[in-house]
Structures are given as C-alpha cells and as structure tokens.
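The values are calculated or read from the model by the stated rules, or taken from the named source; none is laboratory data. Keep in mind the model is a prediction, meaning the values are calculated, not measured. In this analysis, Cβ positions are derived from the backbone assuming ideal geometry, glycine residues included, and neighbour counts consider all displayed protein chains. These accessible areas exclude ligands, DNA and RNA; they are computed on the full protein's heavy atoms, side chains included. Shrake-Rupley method; radii C 1.70, N 1.55, O 1.52, S 1.80 Å.
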Protein chains: 4
Amino acid sequence: MGGNTFGKIFTITSFGESHGEAIGVVIDGCIAGMQVDLNLIQKDLNRRKPGQSKITSNRNEADEFEIISGVFEGKTLGSPITVLVKNKDQNSADYDNLKDIYRPSHADYTYHKKYGIRDYRGGGRQSARETIARVIAGAFAKMILNGAGIKVQAYVSQVYNIKVDPNYKNLWLDQTETNNVRCPDPNIAALMIAAIEVAKATGDSLGGIVTCVCSNMPIGLGEPVFDKLHADLGKAMLSINAVKGFEIGDGFGSVLKKGSEHNDAFVKKNEKTGTLTNNSGGIQGGISNGEDVYFNVAFKPVATIFKQQQTVNTSNESVKFNAAGRHDPCVLPRAVPIVEAMAAIVLADHYLRNEMYKIKP
Amino acid sequence: MGGNTFGKIFTITSFGESHGEAIGVVIDGCIAGMQVDLNLIQKDLNRRKPGQSKITSNRNEADEFEIISGVFEGKTLGSPITVLVKNKDQNSADYDNLKDIYRPSHADYTYHKKYGIRDYRGGGRQSARETIARVIAGAFAKMILNGAGIKVQAYVSQVYNIKVDPNYKNLWLDQTETNNVRCPDPNIAALMIAAIEVAKATGDSLGGIVTCVCSNMPIGLGEPVFDKLHADLGKAMLSINAVKGFEIGDGFGSVLKKGSEHNDAFVKKNEKTGTLTNNSGGIQGGISNGEDVYFNVAFKPVATIFKQQQTVNTSNESVKFNAAGRHDPCVLPRAVPIVEAMAAIVLADHYLRNEMYKIKP
Amino acid sequence: MGGNTFGKIFTITSFGESHGEAIGVVIDGCIAGMQVDLNLIQKDLNRRKPGQSKITSNRNEADEFEIISGVFEGKTLGSPITVLVKNKDQNSADYDNLKDIYRPSHADYTYHKKYGIRDYRGGGRQSARETIARVIAGAFAKMILNGAGIKVQAYVSQVYNIKVDPNYKNLWLDQTETNNVRCPDPNIAALMIAAIEVAKATGDSLGGIVTCVCSNMPIGLGEPVFDKLHADLGKAMLSINAVKGFEIGDGFGSVLKKGSEHNDAFVKKNEKTGTLTNNSGGIQGGISNGEDVYFNVAFKPVATIFKQQQTVNTSNESVKFNAAGRHDPCVLPRAVPIVEAMAAIVLADHYLRNEMYKIKP
Amino acid sequence: MGGNTFGKIFTITSFGESHGEAIGVVIDGCIAGMQVDLNLIQKDLNRRKPGQSKITSNRNEADEFEIISGVFEGKTLGSPITVLVKNKDQNSADYDNLKDIYRPSHADYTYHKKYGIRDYRGGGRQSARETIARVIAGAFAKMILNGAGIKVQAYVSQVYNIKVDPNYKNLWLDQTETNNVRCPDPNIAALMIAAIEVAKATGDSLGGIVTCVCSNMPIGLGEPVFDKLHADLGKAMLSINAVKGFEIGDGFGSVLKKGSEHNDAFVKKNEKTGTLTNNSGGIQGGISNGEDVYFNVAFKPVATIFKQQQTVNTSNESVKFNAAGRHDPCVLPRAVPIVEAMAAIVLADHYLRNEMYKIKP
C-alpha cells in the first residue's frame, strides 16, 4: 500500500535507496519456464546507467545485477524473481549539506513532511536510481513480449526546443542507439547534444520528450473502463521521476482537429481489419486495435542545477543553496530505456490479463 | 480484474450499459457517519446530464439517482454505498443499424474482438453514460474533501482553437457555471459556444481541454514511487472516454524551460513553507506540497459525426456509415463535472491512505 | 478496502443491508459470451431463502433476482454483472427495541464501536441476508466451472452431536436435496431434523458442520505461498456468518496420524498419476493435484435464541434481552448453498488465474 | 498475482528458494520513523531456525539477516523494507535423487504440473524455509503492535495425542520458551518431547496444534464481510506449510454447544463493556470486541519420513523412495514463531486499515 508495487498479474515491487545497500525488484507473476536473457537485462541497465557518455552524470556505477530468486538453470520458475543491483560509487559526503535543507523542486520537503524522516543521502528513495528496478523488470517484460512478437521502442524526440519530425514513420528508429542522445535523426541528435553541452557548461539543465512506439500489437489488450490500456500506460509514465505529461496518439494535438479530421476510418487490410489513419494511437475504448500504440512523455528539466538558488531549511529559514554531487544536465538519453521498460511492463501485464478472455465458455 | 474498480481505500466499482437497466456504482471504503449531501449528487448529475443546454445531446434523461445501500437515516454506515440511475430515454432502435458495423474511432471493433460479443445499443458499456457512476462516486469523494477543506474545481479552458488565459489566477473561476460551456471567461465562452454551434450545424464535432484546480491542499498526499499523486490523477483522467492527454503543472510546457527557469524556490509564507512559483503543480516526488494542484486534460473531438464515413462491417467488407441517434457536438461542457469527480476520487483515496502515516510509532 | 470485494480475477463486490432497498452483487472478471443459466441462480437462491421448510425462519421472501447489467441477449458481455434482490418482507418494527441494545454474540456492539453508527434493523449489514450476494455470484462461478467440468457439492454432515459417516464416499450425495436438512444420509437426516425441532420448541439453537466436495478437479489450481488453494477456501468459508472453523482433507484429524499413516502415496491411475489415499484433500503445497478437494466448515449455534438473556445497552447498563423477529433455530440447511457458492467462487477465480501458466514462453 | 504478496496496507512480498541465493521479504506500508528492534528480528529467526535443539532438523543455518532498504539510522523510512537471509548450509547433492521423483505428500508433483519446471533442490520454493520471510515481516508487525500495546503469543498445545489444558488461562504462558517444544505446561512438554524422540528414532513424524492468544486487543479491527478478522487470520495460518485446519474461539467445539450455552453475554467491566465468556474468540461479525483473540492451528505430520515409501517418478512409473537430507520429525516447536508472525502481520494490517474510521466527517 506504500505504492511500491505496480501491475495486476505481472506485478513488480521496487525497493532501495540511492545510497543504501542496493536497488532491487521482485517480479511476481512472470510466466514459468521462460529462458532468461541475461544480456538483455545488462544491455538495458547499461543504457540507463550514469557515466555512459559525456552528456550524462559521471557517477561511476557498473550496475551489475544479481538474480537472487526465481530462476533455476537459466529459466524462470514461476516463483517470484528478485534481482539486486548493489550501490557502489556513493559519495554520501556530497550530501551532508542537504541534511537540513529542502532543495528546490526536489522531494526533500514533501518526504520530510509526509514521513517525519528522510534519507537525505543522494535523494534516498526519491532518487531516479530507483528506476534500476523498473529497467530490470522491464527486461523480463520484454522477454514475454518477445515471445508474443510485440516490439517496444522509445527514442528522444525533443530536447528543449529541438525536435524531430512528429511522425515516427519519417525517422530512422534503427539509428536511435547510434548517438549519445538516443535520437533517431542524426542531424537533430547533433543539435540536441550541443544544447545539452551548453546547458552543462552553464550549470543549467534541460527537459524534453521521449516518444515510444509499440508495434506488432495484438488486438484486445486493455480493460475498457478504469484500466484502459492508455490509462495504465499514462500512470506508468507519470510515475517516472521528472515526468510532467503524457499523451496517446495525437494527444493534445487532437484538440485542434475536428471529428471529421480525427476519426480513423476502418479499412480492409489484406484479410484483416485495420485503420486508414492512426490518430487514436492504436487504442479505442481503452483496448488495443492492432495498430501501433505510440505516445509522448514530457520530462521537465532536471531539478539539480549548478547555479545558486534560493530555498528554506528545515527550520523554515531562508538560505542560499549550491548543489554538489554528480548530476545529469538532461535525463532524456537515460530515460529512453526507462520509458521502454514501463511500457513493456504495462503491455506484459495486459497481455497476461487478456488470456482469460480466450477461455471459451 | 475486469478493470471496473478504481482506488485503493476509497474504492469505486462502476457498472451498467447505456441501454441496459441502469448505470450504477458501489463505493466501498467511504468514511462512516458522514451526512450525505443529496443535493450535491443531483447537482453534479445535472451538470453531466444530456439535454442540459442547446449545445449538448438532446437525449432526455432526468438522471435521478436511488441510493440502494450503505446510507441510514441520511448518514453513511461504513458499509458499501450503492447508487443507481435508471436508463429511461433509450431509443435502442436508433442503433439497430450498428449491429453489424464498426463505427470509426469508436470501440465497437475492439470490444467485439476482445469479448466475442458486444451490446451495440447506444454503445453498451463503451458509452460515456458510464461516467454517471463516476460523478456519483465523485460527489461522495467531494463530501470527504469538504470535511478536509479541500476544493476541486474544473472548467473548460479550450475548445478547438479557442482558449482562455493559461494562468487560472487570471480567470473568473466563480463564473464557470454561468455559461453553457463552463468557461470561466465570459467573452471566450461566447466564442466557444459559437464554434460548437457551427460544428453542430455542419455535422462535425470539436475537442478541447478541461483544466482542474485543487486548492487548500494538505501536504503529504501521494505515495512516492508508482502511486504518485499525479500518476493516479493521470490514470483517472485518461480513463475517461475521449481523453488523449494529461499534464500536471506546466506539463509539456516544462520542456521549453531550463531548470533555472522551472524550479520552484521554497520560501517562507507566514509561518509555513511554500514555493515562490508553482510550475510543479503542487506535487514534488509524487507527494502534494500544499500548493494548488492543477492539471490539463485533452479531449479529442467526439467520434460520432453526422457526415458519411467509410468503415467496414463485421464481415470485413467496406461500407458507408451514416450516424443516427443523439450526440454531443462537443463533450467539453459535460466533461467538467466528470473531471472534477475523478480528481475528487483520487484525492479522497490518497487522503485516506495518508492517514496511516499519522500513527506515531 | 472496506472488505466487500473478494477474488483476484473473478471478483465479487457485495452490498446491501437486511432492511435496506436490496441486497446485491457486482461480478467483475466473468468470462464473456457465457450463456447465463437463470434457473441455476434462482434454484440456489431458493435453497438459501428463509421459509423454505418448517425448520427454517419464516421470513417470507421470494428472493427474486434482477440482472441490472453485464448480460445481453442471455449471454455475459465481459462487463460487470450486477444482480439485485429486493428486500420485501421486512418487519423493521420488530427491531425497534434493538436500537439501544447490544445482542449477545451478535455484531451490534462491534459495528457500533467501529463505525460510530449502525443500521439496527434486522442486523443491517451484519445480517446473513448478505449471503444472497454470495449465492448469486456463486451461481455464475458454477457456470464457469460447469464449462470446465468441475463439480462442487456441499451437504450437512453434522448438527449438534448427530453426524454422518466421515467418509463422503459412504454417503448418498445425490440424496442431499431430498430432505429439509440437506443431509446425504436419510436416517441421520431424520435425527437432525428432530433435534432442530426440539431446539426450536425450546427457544434454543444448534450449530453443525457443512462438508463440501469438489470433484473432477484440474491439476494446478492455487498459488503456492499465500494464495494456496485451501488458504483461499478457508478465508472464503470463515467469512460466512457464524463460521468458527475450517479444515481441509483430514484437517484436525491429521494431528492424530503419524507421517507414515498420513502421507498419500503417488500411484499410476490408468495413464495418469494419482494418490492412493487422499488425506491431503486434493491439495499439495497449495496447488490442486487432481484428486477430490474436500473440507469441513464449522457453524456455531445461531446467536438469536428465544430465551431471556443478560446484556448491556449502549449506555453500558445491564439489561435483560428478549429476542423478537423471525430466526432459524439452525442455519445449517440454508448454509449448504452458501458454502457451495463460496467454494465455486474460489475455484473459478483460481481456474482463471491459472490460465496464464498455459502461455508457452 | 503469483500469490507471494499478503496484506492490504501492511503488505509483505516473500521470495526465495531453499537452495537459491537467499530467502527474503519486502515490507511495504510499514509506518515511518519507527525504531527497528534488531534483537527482536534475530530472536524470532532463532526461534524458527533449524538445529536449535535435538528435536529439530540439524541443518545448520545461522540465519543472520541483512536489511537492504527502508531503514536509515535505525528507523523505518516509510519506504519498502527489504531483508535478506542468505542460504549457506545447503547440501544440494542430497536432493539429486529427487530430480525425477515425486515425493509423497510433498508438492513436487503439483509444482511440476503447474509450472512445467521446478527447483528440486531442498524443495525449492515449496520449502518451509520460505517462512523466514514471514518471521522477519512478523517482527516488524510486532513492533507496530508493541506501539499499540497488543501482544501476540503462540505455543504448542498438542503433539500427536498429547495435549495441554484447552483453556489457556490455566497454562503458564510465560514458561513457553523454557522448553524445546514450546509448550506452556512443563509436564506435558516432557511427554511431547519424548513422543517426538520416539518418532525420530523410528523414522516417522508427528503433527500437532499451535494455539495463539492475542491480548490487549483494541475494539474495531476487522472488516465485516469478506475481510473478517478471523477470515484473514485463517487464510494467514492456512498459508503456512503443513497446516490443515484453523478454528477461532471454541471453533469446532462450538458445534456441540447450544446457542444458550455458546452466547457470550455482554457485561459491564469497570467502565467498559466486555463479555462474560469468550467463546467467540474476541471477534463478533468479523470485528474485534476487545476480548482476547485466540485460535488453534492444526499441523499435519511432516511429509518427509525415513521409511521406504511407494511413489511414482516423472515418467509415471512406480518406484520406491527413501528420503535423504535433514528434516524435522515434528515442526511444531519451530512453527510457534511462524504462527505468531502471521498473526502479527494480520493484526498490524487491520490496525492500520482501521485508522481511516477514526477520521471524523
């Protein structure tokens, strides 16, 4: 009930503080007998880890994982899978000055008021280091989706005011991982990197948008009222640190279309039914229709900047604050595998939920 | 598990088809001994009901509610509260032509494929008539919030390309209910109404944005990882029919700010701590910080339009479709109480969840 | 969270007070496209209803049900199924004297202290009339189980000190419904009825045991740690009014066996694997093994007796209490369909839960 | 959904296989700022661990725990608490012969059929070593209950046919921990130990009963319909390995009482209301009434015996089976802290759940 479990059949429970012993996750409800792709887990952890390029934080964590339970002779047992990543390169001393201060736009204040206590070292539980748990669980979800043929791919579509073509079909998605910013348009990528370097040099930070495309979707994922597929995707994305907005299909852009422009006409596609356009983002009434599911996720600029800021301390006295520690000037490149992971978790959960409708009465 | 229950402590279970016997809701986890404000329930149902003005559908439903359980001598018992609204003015014959057709951008196709069966009369379970359940439950949630002093107010901030000042403090929120479109700027309201009338006259439909402001917020609502307050608000909003996007605080706009522009400095406000700006939308790390919580919800244009459309039938044959029945050219005015209801439900749930942290060990 | 919902996939939400408008249930997660057997629902309601024989309460309720949602043209839609039974023959005046008194071994006191309010008419929510919701939901669960070939049958095995052969294979289970007490041994049935009549004549009440046998069980139902099949059956049974004990297989009797006497040897049964004995009650490690699942449920004697009793009033003053109203001297005959219903609900839920393990990775 | 999470507010997620890396637990929903009593955790682990006396298994595990998350400077943070116990003294080779065999009355067969795969080393996930997770979580629950003044004490009341006085008030509960069998009657304890030694010497095993008494109970714990306090206690107990039965208050014995003998009269106790007798076991209508909550839990004899047994292998061929490894001839002494732990978990969960009813509307 503390809100650290997500999913209804494929359920993940996240735990760990940034400067505690480890970050980890328990996955309950994974299918049994599935070959565990260890490379996939490490690959996604590497895509998320700090220090991977000159535009990310230089905290130096190998982020090697250990599987503690639920896997036997390389396969899932059907019992809960627990995976840990130890915290190694903590510089807790960097945070001593934070003990009595509330950093602007961080959660120091709200944690302190809610719980009466907080682990101020590296942000404790509020640290985005928690997303390691999500990336690991997401890798298991991707293994399930691979079995079903479903593909999930995210990319950086905007950094600050620099953006790619809004239609993902006009991009080079297979080039996404070839540049440090994970942008599927090499020219735009270069501009984004330059902007991030300027932000870094000036002690400032930038936000942006991650777009995610789920293709080869089955029909029928999603429950139609509260657990609409895009409602669960939205919650999943909004639960990621620094996310401020979510839109499915043409999202906020749909407001500027009339019904006659927005509706997706059904058409015969070979022997199947499909839609001519896909403004809906592959979901109607909360249920996937077989077309691509795509959505945008807005990330605010990182709260930690290296400019002096005004704030208050725990005695409600006005103080000046100067950040220390190692921080990303822009989280977008590292957010890509996190968005993919959360998308995969939602899809795997709904994929398993939908199985019961295959029982014939 | 069918996805018709929402909330963790204050839980609501919605049921009913558009042309079935009734729409209803069971509320489990409401506090006991609370005086039930019958007027509030009916008032919000009236704000939602069709036929309330010339810019809404002219289906003529009184939408009178009956309390079936959980209330005794005017007060809540602590047992589940069940409320029904009978369906009366169904013209099921209007829908006979829909039996074998998949309407564009409706959920006929996805329901049929998922379940192998559907109630095609008036959209069945996919009908927005389901939101009656939400409005009723939301009225009970508002009663709890009233006891805590929390206020939830929504309004139409945009219809098609016509929009109000983005800062709600520059609007006349107390005038929202004085015009048919529920816009807190009378001049803009007139333009919106005109646009809706044109859409109606031309058989087309319009989308828009509802903004919601939650004020007098306590500190500490929201759980910090998956059940962040804005993640639950986002899921709640995205579960409403026709919603395509959600943003908290400055949302997608945060992308165009640098960290130094976006951060909300903490300041001493009298004897309390507050923030100088509120780009965060009153939430940090998923937990309310005492400032106003505000967010935007994007609604696509209504899928039913009165222009001939291309689609397929259940045999996957190409057919022409002409809509019949009674439909809104723009759902925004009626969406306002629905957005408020879902917001109130999320806040009431988190208000009750947060109680356990008040236990001193 | 008020505890009125049960099940994880096949979920039921019960509502209603004894002298309120109606008792009802919402079933969410039923499979779609299933033909609804209306006769089965009414038959089980009739087996539960008061006034069915001279040894039950003479409250005269037809207990006719109305399906409010989730069924279309006789089949389940996959949307939530809501069923109501109106309360008709309430004599609320019989209960006026209970407004300020706490009846011995009833829940008047605990409800009042927990909620600060109670509906004293006919026991309100604590009334066993609530079990109508369970019987209706159980009928839908039985329809699912019928499709899977699983059979659930309960019977009265003991009333006070009169009991049948403990081995159900020595009984005439198909004769269970031929006598008023629902005992599958006609000679013992006559003795039980006589004992109940004496209890009734003397204003006293009797308890007893209901035994339930689930046959033609699939292998694999139940999750192995907390949601063991017998743990969920146990919770289901202990949640029925007046139940004080539950045992699976040889239960408390297992204590008097040594391991060498209790173990169930695996043997080849035709081409399948089975067990030679079935002390385990068809479940090992919380998972069904294909043998019959059988268990006992102990019901205390009815709390309402027609002898003067000592108690206190709401002012904590000592008072004499004389019961009025219409009550069963022994609930066992009417408990049989309730036990079956709860068993069916647990089995249907685990049957649907187990589907995901059929996905091949 | 794999059934490895228990509780609604105070939720525990158990993980780990007997011969895997570790057994562990994540506790989500513990109150924040609570001093962690490390001694209590280790003391209860020591009461559970093998090799503690000559009548228990001689697997030699120190069972030292490590707190991985959720505790900072000795206090709970409000974030999920993860605790691990590494597996050290595994003799996996002892189990090689089990790879292709289904041990009688073990869960080898059901696991294999359900999942298509199993970890045969030491029972894998079906091993009672999993209860380490419960004992750790139970220690945290006891810390919460200590703050509320609630006391939970269990003891062995019966081994095979040797039993103590059924009324716990006639026993020396404070002597329970002074003998190896944890029986609060020293004379009976000696007889029990003798019986276990005989069973051990003859390669056989014994079952028995653990009784648990919860005293200084608040009024109001438990939700009245499905989540009755004794229903949740029953599920908790039945989820423990080898448990076959549960009874609350006078349980199965209530069947042999008439209503006039069984009812608990309310009486004025000083300024409070109490009951003259306590046949109900401190619960009425599923809600605690302030009297002691007490219940019995039946454990079958251990399935592993050192006599040759008949069984089948994974090819469904008849084979002889001779057990190896280290096993308890009677689990009862080690079950006492497990029963206490599960009771404490249920009470802590309902204690936190009940808080919301203290909100005044």
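Listed values, structure above:
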read-out: Kirkwood hydrodynamic radius over Cα pairs of chain B, then Stokes diffusion coefficient at 25 °C and 0.890 mPa s, in µm²/s; value: 114
read-out: Largest-first ordering by accessible area, 1.4 Å probe, given options B:V85, B:V331; value: B:V331, B:V85
read-out: Chain B Cβ-axis minimum, rotational copy D, residue and distance in Å; value: B:E355, 2
read-out: Cα-based equivalent ellipsoid of the range C:199-250: semi-axis lengths in Å, sorted from largest, via gyration tensor; value: 31, 13, 8
read-out: FRET efficiency, A:E261 to D:A194 (Cβ-Cβ, R0 60 Å, nearest 0.05); value: 0.10
read-out: Unit charges at the beta carbon, dipole of the range C:5-357: most positive-side option, C:A195, C:I287, C:I23; value: C:A195
read-out: Net charge of neighbours whose Cβ lies under 14 Å from the Cβ of C:G16, counting Lys and Arg as +1 and Asp and Glu as -1; value: -3
read-out: Heavy-atom SASA rank of B:K300, D:K54 (probe 1.4 Å, accessible area, largest first); value: D:K54, B:K300
read-out: Reduced Cα scattering model of the protein assembly as shown, Debye log10 I(q)/I(0), q = 0.07, 0.09 Å⁻¹; value: -0.74, -1.25
read-out: At 7 Å out from Cα toward Cβ: D:N216 inter-copy label distances (nm, ascending); value: 4.0, 5.5, 6.1
read-out: Inter-label distance, nm, simple model (7 Å from Cα along the C-beta direction), D:E177/C:N161; value: 4.3
read-out: Cross-link pairs C:K99/C:K307; B:K86/C:K49; A:K43/A:K142; C:K228/D:K8 - those with Cα-Cα distance over 21 Å; value: B:K86/C:K49
read-out: Residue-averaged 222 nm ellipticity for chain D, from DSSP H runs of 4+ at -39500 (n - 2.57), nearest 500; value: -8000 deg cm²/dmol
read-out: Sequence of D:T178, D:T5 from largest to smallest accessible area, 1.4 Å probe; value: D:T178, D:T5
read-out: Ascending list, in nanometres, of distances separating the D:E197 label from those of the other copies (7 Å, Cα toward Cβ); value: 5.9, 8.2, 10.0
read-out: Cross-link partners of B:K320 among aspartates and glutamates (Cα-Cα below 13 Å; sequence separation of 8 or more within a chain); value: B:D100
read-out: Dipole moment magnitude, nearest 20 debye, chain A about Cα centre, only Lys, Arg, Asp, Glu C-beta charged; value: 360
read-out: Heavy-atom accessible surface of the range D:1-124: percent carbon and sulfur, 1.4 Å; value: 42
read-out: Copies compared at A:Q175 - label distances in nm, ascending, label defined 7 Å from Cα in the Cβ direction; value: 5.2, 8.5, 8.5
read-out: The range A:275-361: radius of gyration over Cα atoms, expressed as a fraction of 2.2 N^0.38 Å; value: 1.82
read-out: For the range D:283-325 versus the range B:20-61, the gap between their alpha-carbon centres in whole angstrom; value: 53
read-out: Surrounding net charge for B:T76, when Lys and Arg each add one and Asp and Glu each subtract one, Cβ distance under 14 Å; value: +1
read-out: Accessible area (Å², per residue) of the range C:5-357, counting only protein heavy atoms and a probe of 1.4 Å; value: 30
read-out: Estimated FRET transfer efficiency when R0 is 35 angstrom, pair C:R326-C:E66 (beta carbons, to 0.05); value: 0.90
read-out: Mean separation of Cα contacts under 8 Å, 6 or more apart, over the residue count of chain C: relative contact order %; value: 22
read-out: Average other protein chain Cβ within 10 Å of Cβ, residues D:169-182; value: 0
read-out: Positive minus negative residues near B:D37 (Lys, Arg vs Asp, Glu; Cβ under 13 Å); value: +2
read-out: Distance from the range B:72-108 to the range D:195-227 (C-alpha centre basis), Å; value: 49
read-out: Choice from B:K169, B:K75, B:K88 with maximal GNM fluctuation in chain B (Cα, 10 Å cutoff); value: B:K169
read-out: Interface burial for A against B (accessible surface, 1.4 Å probe, total of both chains, Å², rounded to 100); value: 8300
read-out: DSSP loop GluC sites (Glu not before Pro) with at most 15 other Cβ within 10 Å: longest gap in chain A; value: A:74-270
read-out: Between 0 and 90°, nearest 10: helix D:131-148 axis offset from chain D longest Cα axis; value: 10
read-out: Modelled FRET efficiency - R0 56 Å, D:D94 with D:N146, Cβ distances, 0.05 increments; value: 0.90
read-out: Accessible area of the range A:211-338 belonging to carbon and sulfur atoms, whole % at 1.4 Å probe; value: 47
